[in-house]
Every structure is written in structure tokens, then in C-alpha cells.
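A short write-up of the structure that comes next.
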Amino acid sequence: MRILGLILAGGHSESLGPLVSKRASAALPVFGKYRAIDFTLSNMVNAGIRKVGVLTQYNPRSLMDHLGSGKEWDLDRKNGGLFILQPYVSAEGSYWYKGTADAIFQNMTILRRGEEDYVLIGSGDHIYKIDFTQVFNFHFSTGADITLLVKYLDETYDLTKYGIVQMENHKIVSIEEKPQHPRGNLAFLGIYFMNKYLLMELLYNYATKGENDLLNIVIAQLGKLKVHGYVFDGYWRNVKKGIDEYFRINMDALKREVREELFYKYGKVYTKLKDLPPPKIGSSAVVKNSIISDGCIVNGHVENSVLFRGVVVRAGAVVENSVVMQDSVIEEGAVVRNAVLDKEVLIRQQGRLIGREKLAVMEKRAVL
């Protein structure tokens, strides 16, 4: 069975503020050395998909630099491989992607010319680990035309930010997008699986008439096609929902059960490698319940925090309940608490960055 993977990675979220001022949300660093897109991309590769198109638009430079030729995901190959699909200028004009359906429709060539029979569509800013072969088996065993991934969300999710699904015997009967008064807690996770030629037919019928959103097209087909829901019961979060959600995701990695699910089940999570030494923990350091990544030098106090590659915490400094991205420096006597620091931030001696009712956020290369 030949499957084309498509990853929607062109968006950003205003609620992420300075964290996405110069990068797409799919390129957000997570868990010390990964990017958000690594999880969807690794899930596809682990399921045997050998051709993946990444549809990107907003601030794509850091995302493209991270993906490169696709070598780390074994996608630098003659047949198949990794394709970066951006908006372009042609003789007929130039158009930004207007939505998910429009983005795929503008890149119809990858569908027409490919030898794949099916298409798996996912989002680049979701954090989860899944065996997609189980989804494929479910799709064929139930005779579905389209399979959507759904999940019962608990009280830690804001249901008004998700598409709420009504389902009967695996068949989806309605989808309400971001309702103010949700009728349930079963949400659509933004992942589609269907026959390639069905997708092409739907796009030709709807995208040419101005419908730019793929979910709206699927909703219009609920009474005509067999649209089934595969219930996913594992860990799943969306970094695009805001800074608080991004912080929660990184803090979740400090829980053993979350780490074991994300990094040890259903294959590896692949990412861009860097040749850095292991972290150095000095004799004066105190480290509790934290992730300390390659290249870090810690001589201060670090607790309940995630330190990315190359972070330096000098003697007497305190970092608590914080996410500190690559190459940031916390100098002697400084205190960072309840904060998110982007790359290459400098907190000078005796500086204090403390989030109280809200998280304290420092943009890239900021100095305090």
C-alpha cells in the first residue's frame, strides 16, 4: 500500500506572541532538542510512508533549515522523499494559501504525478505518538471513505477551540467547529486519511468554487460519504493554542508516563542532529525534575524546568518552572521563575524574571 503524507505547517498563532514572530508554529522548539513537526513527521515515517510533502507559508526559514534534505527521517531518497511546498508566483499570478484545502489544491501536481493510492494529512504543530498502521487497518476494516482521528478531551482542554464531533457506531454524523457551547467532549484532531483520487475529486468540486477549508468540505460530505472516526486515546496536544499550552506541553515531558509514551512507543522520534557534548553539571549545581539537554552547563539551581541545547546556568542562579531555549545564558545570582525564554536570551547578574499571574516571556536575543 502506497501512501502520500501531507503535513500542514504553514500557520502561526497570535496567542503564541513573540515565540512565532520569526518562525512557524510547526518549527517551535519542544522538549530540549526537538521541533513540533518532528512528531507528525516521525509518526508518518515509522508507519512506512516514504514520500512526505510539507505545506508551509508563514516564516518558513527556520522550518526549512530544520528539515533540510530530510536525511534524519530517511527521506533523502531517489524515489519519494521530502518535498517543501510553498506558495509561488506563476504566469497566472501569485496567491497565498487561503486555507488547508486551497494549500493542497495549489499543489495538486504532487497528487497527480505520484503513484500513491492514499493520502494521510496531518498538522505540523501537534504533539502526539501514534501507530498510523492501526488507523489504516481501521479505515479498511470499516469500509470508510474518509477516516478522521478523534479524541475525548478532558477538562484541561478548552473545548471551544476545537471541532466537536458527534459519532454513532464509528460514523461521524456532525462536526461543529469551535462551538461556544460544546455538546460533548469528542474532538477532531486535524488528521485525515482517504483515497487520493477521492481527495482530488473533492478539491476539484469545492476548491475551484471558493471553499478553502478541508474540514468544511468533509462536513459537506457527511451525509453522502462514509466518514468514520478513529478514537485516539493517547497523549495529544496542540502547541498552536497559545503560550500557556506550549508551556504545559514542555512541563508534561517531566512526567515519566508522558515521556515513555512519546519517546519509547511506536518507534523513535527523529530530529535534526547537532554535534554537542553531553551536559555538564557542576559541583555546586542542584538539579531536580528537569530536562537538561546536550551542551548545557549548569552550576546553579534548576528545578521543574526544561533547558534546551547549550543553555548556561551560572553559579548562584535559580531557574524554576521555566522553559529556556537554546544558547540562553542565566548569569550569577539571577532568578528565572515561571517563564519562557526564547533562543539566545541573556539574563544578567542579579536579574529577576518572575511570572506571577501570567508566564513571563522573553523574545529571541532579548537581554534583561
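Observations on the structure shown:
- Some residue of the stretch 269-287 being among the hydroxyl-bearing types (Ser, Thr, Tyr) and closer than 23 Å to residue 341 by Cα: yes
- Among residues of the stretch 311-363, those that are more than 15 Å from residue 243 (Cα to Cα) and among the hydrophobic types (A, V, I, L, M, F, W, C), counted: 17
- Failed criterion for residue 280 (all others in (1) surrounded by fewer than 18 Cβ atoms within 10 Å (Cβ to Cβ); (2) farther than 26 Å from residue 72 by Cβ; (3) in contact with a strand residue (DSSP E or B) (Cβ under 6 Å, 6 or more places away or on another chain); (4) not hydrophobic (A, V, I, L, M, F, W, C) hold): (2)
- Restricting the stretch 162-199 to residues that are touching a residue at least 24 places away in the same chain (Cβ under 8 Å) and of a type in the set (D, E, K, R), the residue that is surrounded by the most Cβ atoms within 10 Å (Cβ to Cβ): 196
- Failed condition for residue 254, given (1) buried (at least 20 other Cβ atoms within 10 Å of the Cβ); (2) within 20 Å of residue 19 (Cβ to Cβ); (3) at pLDDT 95 or above: (1)
- Among (1) more than 22 Å from residue 40 (Cα to Cα); (2) aliphatic (A, V, I, L, M); (3) open to solvent by 20 Å² or more (accessible area, probe 1.4 Å); (4) out of contact with any Cys (no Cβ under 8 Å at 6 or more places or on another chain), the one test that residue 312 misses: (4)
- The stretch 216-233, residues that are open to solvent by less than 10 Å² (accessible area, probe 1.4 Å) and in contact with a Phe, Trp or Tyr (Cβ under 9 Å, 6 or more places away or on another chain): 217, 218, 229
- Residue 345 satisfies every condition listed in (1) open to solvent by 40 Å² or more (accessible area, probe 1.4 Å); (2) touching a Ser or Thr at 6+ places or on another chain (Cβ under 9 Å); (3) hydrophobic (A, V, I, L, M, F, W, C) except (1).
- Residues that are without any contact (Cβ under 8 Å) to a residue 40 or more places away in the chain and in a strand (DSSP E or B) within the stretch 346-361 comprise 346, 347, 352, 353, 354, 360, listed in sequence order.
- The residues in the stretch 322-345 that are assigned to a loop (DSSP other than H, G, I, E, B), of a type in the set (A, V, I, L, M) and within 20 Å of residue 283 (Cα to Cα) can be counted, and the count is 1.
- Conditions (1) crowded, with 19+ Cβ neighbours inside 10 Å; (2) farther than 20 Å from residue 252 by Cβ; number of the one not met by residue 319: (2)
- Strands (runs of 3 or more DSSP E) contained in the stretch 151-195 and holding at least 2 residues of a type in the set (D, E, K, R) and farther than 19 Å from residue 131 by Cα: 171-177
- Those strands (runs of 3 or more DSSP E) of the stretch 201-307 in which at least 3 residues are in contact with a Lys or Arg (Cβ under 8 Å, 6 or more places away or on another chain) and in contact (Cβ under 8 Å) with a residue 40 or more places away in the chain, considering only elements entirely within it, cover 227-231.
- Just one of the listed residues (363, 332, 320, 344) is among the acidic types (Asp, Glu), out of contact with any Asp or Glu (no Cβ under 8 Å at 6 or more places or on another chain) and farther than 30 Å from residue 47 by Cα, and it is 332.
- Here residue 125 does not qualify as within 21 Å of the chain's Cα centre (by Cα), open to solvent by 40 Å² or more (accessible area, probe 1.4 Å) and either under 27 Å from residue 27 (Cα atoms) or not basic (Lys, Arg) (or both).
- Taken over the stretch 224-243, the criterion of being more than 18 Å from the chain's Cα centre (by Cα) and either within 18 Å of residue 164 (Cβ to Cβ) or among the basic types (Lys, Arg) (or both) is satisfied by 224, 226, 227, 228, 229, 230, 231.
- Condition check for residue 319: in contact with a Lys or Arg (Cβ under 9 Å, 6 or more places away or on another chain) and not in a loop (DSSP other than H, G, I, E, B): yes
The values are calculated or read from the model by the stated rules, or taken from the named source; none is laboratory data. Computed from a predicted model, the values in this text were never measured in an experiment. For neighbour counting, all protein chains shown are included, and Cβ atoms are generated from backbone atoms with ideal geometry for every residue, glycine included. In case anyone asks, the SASA skips ligands and DNA or RNA and just uses the protein heavy atoms, side chains included. Shrake-Rupley method; radii C 1.70, N 1.55, O 1.52, S 1.80 Å.
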